[in-house]
Amino acid sequence: MSIPTRPSKAVLVAAWAFPVMVLGQFALLGGIPVAIVLARTLRSRAARWWSGLMAAAYVVPLAVWLLGPSTAPSLSKSLSPVATGVITAVGVVAATGLHLVRRRAAAPAGSRPAPRSPSATS
């Protein structure tokens, strides 16, 4: 049985930097935190899903901007306010998921409370 790997603090910082960068109109530079998160979470199965969600939220608008007929000079300017909000929301959800993966991997198995059984004296 393998030891579960948990995301490092650098991964969490990069994961939270992505939605901040997209919201701050630095969407093209937001690919750097996405690449960091992807590269550092490939070993953890649970974290891989969250980093994949983040990467998909970044790659789809990037491909539309690069391959589409848009004449916008930057990715941030080609995104509509709705698309910016959706990408930011997906980034926050993915960062929260990575944060929860880290917390669950750090908690020892015995520290979780046992399920309560119904008692007759309540």
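Of the set (1) among the hydroxyl-bearing types (Ser, Thr, Tyr); (2) modelled with pLDDT under 90; (3) farther than 29 Å from Arg6 by Cβ, all apply to Ser111 but (3).
Does Thr88 fit the bill of being in contact with a Pro (Cβ under 6 Å, 6 or more places away or on another chain) and either part of a loop (DSSP other than H, G, I, E, B) or at pLDDT 90 or above (or both)?
So Thr88 fits the description; yes.
The values are calculated or read from the model by the stated rules, or taken from the named source; none is laboratory data. In this text, all values refer to a predicted model and were calculated from it rather than measured experimentally. For neighbour counting, all protein chains shown are included, and Cβ atoms are generated from backbone atoms with ideal geometry for every residue, glycine included.
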